[in-house]
1. So which strands (runs of 3 or more DSSP E) are wholly in the stretch 219-260 and hold at least 3 residues that are within 30 Å of residue 175 (Cα to Cα) and among the small types (Gly, Ala, Ser)?
2. Scan 257, 247 and give me the residue that is hydrophobic (A, V, I, L, M, F, W, C), in contact with a Gly (Cβ under 7 Å, 6 or more places away or on another chain) and closer than 18 Å to residue 314 by Cα.
3. Could you check how many residues of the stretch 175-196 are open to solvent by less than 40 Å² (accessible area, probe 1.4 Å) and without any contact (Cβ under 8 Å) to a residue 60 or more places away in the chain?
4. If you check every pair at least six apart or on different chains, which have Cβ atoms under 8 Å apart with a residue in the stretch 295-315 that is touching a residue at least 40 places away in the same chain (Cβ under 8 Å) first and a residue that is exposed (fewer than 13 other Cβ atoms within 10 Å of the Cβ) second?
5. Name every residue in the stretch 271-287 that is assigned to a strand (DSSP E or B) and either surrounded by fewer than 16 Cβ atoms within 10 Å (Cβ to Cβ) or at pLDDT below 95 (or both), in order of residue number.
6. Is one or more of the residues making up the stretch 83-99 modelled with pLDDT under 95 and part of a loop (DSSP other than H, G, I, E, B)?
7. Grab the strands (runs of 3 or more DSSP E) fully contained in the stretch 116-215, keeping just those with 3 or more residues being under 20 Å from residue 58 (Cβ atoms) and of a type in the set (Ser, Thr, Tyr).
Amino acid sequence: MTRLLARRSRSEVSALFAALAVLCLLCGCGGGGDGGGGTPEPVVDTATVRGTVVEADNVAMGLGGATVQALQPVVAAGVSPAASTVVAQTTTDSGGNFVLRNIPVGTVSILVETPEEASYGSQSITGLQLNKGDDVRLTITVLPGTSATPTGLSITPAEAETDLHGELTFTSSVTGSTGALDVSPSYYVTGGIGVVNRSGVFTATQAGAGTLVAACGTARASSNITVTAPRAPVITFFSLTPEELEATGGKVNITVAARDGDGIAQVVARVYKPDSTIETVIMELDTRTAGTYWLPEVQDSEGETGHWLILPGNTNAYDADGVQEAQRYSIQVIVTDGSGATTATDFYTVTVAGLDKPPGPFD
């Protein structure tokens, strides 16, 4: 065969190999004689779980070298219902981070076991439902070996609702036989509606219903969460004081709190004045609180500064009886979110009093 090929030109050799390749395809060459390469492996739908393993008494510290396993129950005749098999396994890096890939979909448990020298124990996350293509993120807190065994766990709020991209903050309390324990639980979300960080802050990523679960040792607590489609901002608090001023005018305080999944783009106060003009005041975020806005800082005539709306004294003329009619300001606050949707408060009236009878010819 080699001598035969040697006598032929390069083009003839190429043509010969091409013909042989076609012949192999037609005859089923390379398939082990079964006409097509054997039975293909079944396609298994999979998901991914990633996250961080941290110290329960200091969630800022990751636990490196921990073994993380994904386990699924074994369903077979004669097998104990408690039996399970490891379907994925990895080890955390120095920062406590891990990724478990290609986990078959279904109900899984995530088991963490820390190195013996780490002086921390183990923690399991049970009943985690995985669907095809899921990429679930977990922060798993592990109790120190010296910690009392958790016997109770509560989470607040017990029910919550937000719109898409919105945030909710949850707090928890862990108790043991000795009372309150200074540790943080593991948080995770079921239902594919969002993610939660190690501090208990939930961020909605998909509309629907789900559950936020807190776990510490064998203690569990949960909160039902509903995520709605994007909607207009929600004003959760409003205050305007005072609504009555003396004839010399004065200072008005306005505070508003709002939340929205698309983020708050702007909060403005519109002041409709007695002379029919409108003043628009852009309110500022009060950094001392979450999602609360107040008026920009201004200075009064005496040099004092504060977050006020300063209204002037009454400028109405006196009538024939020497009475000065009160002046009224109508104020409304409008909140705009990142999508341009708005929510407004009712109109509130601030009255600048008039003087009944000034001294002079009217006495």
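1. Those strands (runs of 3 or more DSSP E) span 219-228.
2. Just a single option satisfies the conditions, and that option is 247.
3. So the answer is 8.
4. Close Cβ pairs satisfying both conditions: 306/297; 306/300; 307/296; 307/297; 308/300; 310/300; 313/248; 314/248.
5. 278, 279, 280, 282, 284, 285
6. yes
7. By residue number, 171-176, 186-190.
A quick yes/no check of all residues on (1) surrounded by 14 or more Cβ atoms within 10 Å (Cβ to Cβ); (2) touching a Phe, Trp or Tyr at 6+ places or on another chain (Cβ under 8 Å):
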position	(1), (2)
121	yes, no
161	yes, no
198	yes, yes
201	no, yes
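The values are calculated or read from the model by the stated rules, or taken from the named source; none is laboratory data. Not measured: the values here are computed from a predicted model. Glycine also receives a Cβ, built like all others from the backbone with ideal geometry; neighbour counts cover every protein chain displayed. Surface areas here come from the heavy atoms of the whole protein model, side chains and all, with no ligands, DNA or RNA. Shrake-Rupley method; radii C 1.70, N 1.55, O 1.52, S 1.80 Å.
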